[in-house]
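Here's the structure we're looking at; comments come further down.
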Amino acid sequence: MSELIELQARRYAPDQNDTNAQPSGQPAGKDEEIETRSIEVSGVIENQTQTAEDGTSLEPRPDAPAFDAYPDGGLAAWLQIFYCFCFFFTTLGGIYAWGIFQDALHAAHVAPTSTLAFIGSSQGVLEGLLAIPISALVVRFGNRNVGIVGAILSGLGPILAGFCSRSVPGLLITEGLVFGFGQALCFFCAATLPSSYFLRKRNLATGLVYAGSGIGGAVISVIANGLIKSVGIPWAFRTLGLMFMAINLPCAILLKPRPDLSPVPQTADKGKRHRYVNLTLLKDIRFVLVLFGCAVALPPFFLPIFATSIGLSSGAASGLLAGFNLASACGRIGWGFMADRWLGSLNSLYLCLAMNAISTLVIWPIAGDVGPLALFAVVNGFCAGGFFSLIPGVVSSTFTDIDLPVAFSMIISFFLGAPIGGYLLQAFGGPDTGYQAYRPAIFYAGGLSALSALMIFGVRLKQGGNWRRKV
C-alpha cells in the first residue's frame, strides 16, 4: 500500500523508581498507563479505543473517518475511475502525442523545433499556472460543471487548430491556450477523485486513472500519425478534436465525487473561507523538497523528432512514442501496486525518479540506433510512469488527507514546463544536424531528473525509521 500503514503503540506509565508514582491499588490518575493503538493510512486513523483501569476511555479523533467510510471498490467507484481514465486518455494523452504533430509541422517547414516545442509545453504550462484558480472553480461549481467546460474546450482547441495549422500564433492560441485550458480543467476534476473512493487501494486506483495518459498517448500517437499521412495535418487536428469531445462530454456529465470525503470540497460553505494556498506548509522542509523535487522532473519531450534525426521513419518514430506511452501506463499501474503492497508511496517515488534519471543519462546518450532507443523508450517510460500517479499518495502519507487538495494544487503550480531543452537543441545545431545535437538537452533533462530524485531522497531521510518500512 502506498500510503503509510503504521501500527503505533504508546504507553505512558510512571517510572518504577519514581517516588511520586501512585501506590498499587489506588485509583489511577491522568498519568496512569494508557495504551492506544491506531492504524494510520494516508493521514486517516482508525482508532481502537481501549479503556484504562479506572474506566477512562479514549475517544477517536473526530476528524478521522474509519476505514469502512471508503468503498474501496464496487461498481460505482470503479465507474468513476473509468470516467477519470477517459479524461486522462484524451487530454494528457493528447499532450504526450504532440511530438507527432511537432515532427510533422517541422517537416512541413511551419516553424523551427524550439518554437513548436514552446507550443507543446504551453499546454502543460496552463496546468501549472492555473492549478490554484481551477481548484477554486471546482470548489465553487463542482467537478461535473467544470468538467463539462473542460470537455468542450479540449475538443474545440484541436478543431480550431485545423483551420490555422500553418500559423504559429494560431496554433499557440488554439492548441496551446484553448486545448491547454480545457485539459487543465479536466485534469483537476479527475486527479484527486480516486482518493474519495479508495483508501487501501488508493495508489492502484490513482495509477489506473493516470495510466489513461500513457495509453492515450500511445493510441493517439498512432492515430495522429495515420491521420496526418492519410488526410493531412488540418483534418488530423479536427478529427482528434471531435473524438476528444465525444469521449469527454459523457464522462464529465457522469462524474460524481463523494462530497463527504472528497479531497476537494464540492461546494463553498456560506460564511466559511476556504484556503487554496497554505503557506504554513512551506515551513515544513519535507513539503519544500517534494514541491521542488516534483517541479524539476522532465519527461523526454523530443523522443519522436530524435528518432527521425537518426534516420528512422515517421511511422517508426510514432511507434517508439507509442511504446514509451504504453510502458508509462504499465508503470503507473505497476508503481501504484508496488506502493500499496510493498514499498509505500515515498519509497516508490524516489525509486522511479532515480531509475528515470539513470536511464536518461546512461541509455539515451548512446541511443544512436533503433535497438538502444527502443530499450530507452520502454525503461524510461516505465520508470517515469509512476511520477504523477504517486504524488497524491506521497502527500497523503507524508502529511494528511486534509492537506491533499491544497498541497496538490501548490505542487502542480510549479509544473511550469521547460522549453529550455528546445532552445538547447537549436543552440547546438538543431535536429537536422544529427543526434549529437541532442546531447546537451538530454543531459539537461537527465540532470534535472537526478536532482529531483535527490530531493525526494531527502524527504525519505527526514521521515527516518527503518529503510525497509513502507513510507
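The values are calculated or read from the model by the stated rules, or taken from the named source; none is laboratory data. Please read all numbers here as calculations on a predicted model, not as lab measurements. Positions of Cβ are generated from backbone atoms using ideal geometry, with glycine treated the same way; all protein chains shown enter the neighbour counts.
Quick notes on this structure:
- The listed residues are Asn380, Asn466, and the only one of them that is buried (at least 16 other Cβ atoms within 10 Å of the Cβ) and either out of contact with any helix residue (DSSP H, G or I) (no Cβ under 8 Å at 6 or more places or on another chain) or at pLDDT 85 or above (or both) turns out to be Asn380.
- When Ala297 is tested against (1) surrounded by fewer than 23 Cβ atoms within 10 Å (Cβ to Cβ); (2) not in a helix (DSSP H, G or I), exactly one condition is not met: (1).
- Only listed residue being within 21 Å of Ser122 (Cα to Cα), buried (at least 24 other Cβ atoms within 10 Å of the Cβ) and at pLDDT 85 or above, chosen from Ser409, Ser449, Ser345: Ser449
- Residue satisfying condition, being modelled with pLDDT of 75 or more, in a helix (DSSP H, G or I), under 30 Å from Ile310 (Cα atoms) and out of contact with any strand residue (DSSP E or B) (no Cβ under 6 Å at 6 or more places or on another chain), within set Leu373, Leu425: Leu373
- Residues that are closer than 16 Å to Leu303 by Cα and β-branched (Val, Ile, Thr) were ranked within segment 220-229; the one that is modelled with the lowest pLDDT is Val222.
A quick yes/no check of all residues on (1) over 26 Å from Pro372 (Cβ atoms); (2) out of contact with any Ser or Thr (no Cβ under 9 Å at 6 or more places or on another chain):
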| position | (1), (2) |
| --- | --- |
| Ser313 | no, yes |
| Ala317 | no, no |
| Leu321 | no, no |
| Cys330 | no, yes |
| Ala339 | yes, no |
| Leu346 | yes, no |
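- In segment 190-201, of all residues being in a helix (DSSP H, G or I) and in contact with a Lys or Arg (Cβ under 8 Å, 6 or more places away or on another chain), the one that is nearest to Trp78 (Cα to Cα) corresponds to Pro194.
- Within segment 318-333, no residue that is outside any helix (DSSP H, G or I) sits with its Cβ atom under 8 Å from a residue that is surrounded by fewer than 24 Cβ atoms within 10 Å (Cβ to Cβ) at 6+ positions apart or across chains.
- Taking the conditions (1) surrounded by 19 or more Cβ atoms within 10 Å (Cβ to Cβ); (2) out of contact with any Phe, Trp or Tyr (no Cβ under 7 Å at 6 or more places or on another chain); (3) of a type in the set (A, V, I, L, M) in turn, Val168 satisfies each one other than (1).
- Qualifying residue in segment 139-147 (condition: hydrophobic (A, V, I, L, M, F, W, C), touching a helix residue (DSSP H, G or I) at 6+ places or on another chain (Cβ under 6 Å), crowded, with 18+ Cβ neighbours inside 10 Å and farther than 20 Å from Phe244 by Cβ): no
- Residues considered: Phe179, Phe187. Of these, the only one that is touching a residue at least 60 places away in the same chain (Cβ under 8 Å), of a type in the set (A, V, I, L, M, F, W, C), in contact with a helix residue (DSSP H, G or I) (Cβ under 7 Å, 6 or more places away or on another chain) and closer than 19 Å to Ser396 by Cβ is Phe187.
Here's the yes/no breakdown for (1) under 20 Å from Leu137 (Cβ atoms); (2) among the aliphatic types (A, V, I, L, M); (3) surrounded by fewer than 24 Cβ atoms within 10 Å (Cβ to Cβ):
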position	(1), (2), (3)
Leu177	yes, yes, yes
Arg200	no, no, yes
Ala218	no, yes, no
Ile223	no, yes, yes
Lys229	no, no, yes
Thr239	no, no, yes
Met243	no, yes, yes
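- Residue list for segment 334-370, restricted to those being farther than 25 Å from Ala97 by Cα, in a helix (DSSP H, G or I) and not aliphatic (A, V, I, L, M): Phe337, Asp340, Arg341, Trp342, Ser345, Asn347, Ser348, Tyr350
- Applying the set (1) surrounded by 24 or more Cβ atoms within 10 Å (Cβ to Cβ); (2) closer than 28 Å to Phe118 by Cα; (3) in contact with a Phe, Trp or Tyr (Cβ under 9 Å, 6 or more places away or on another chain) to Leu185 leaves exactly one unmet item: (3).
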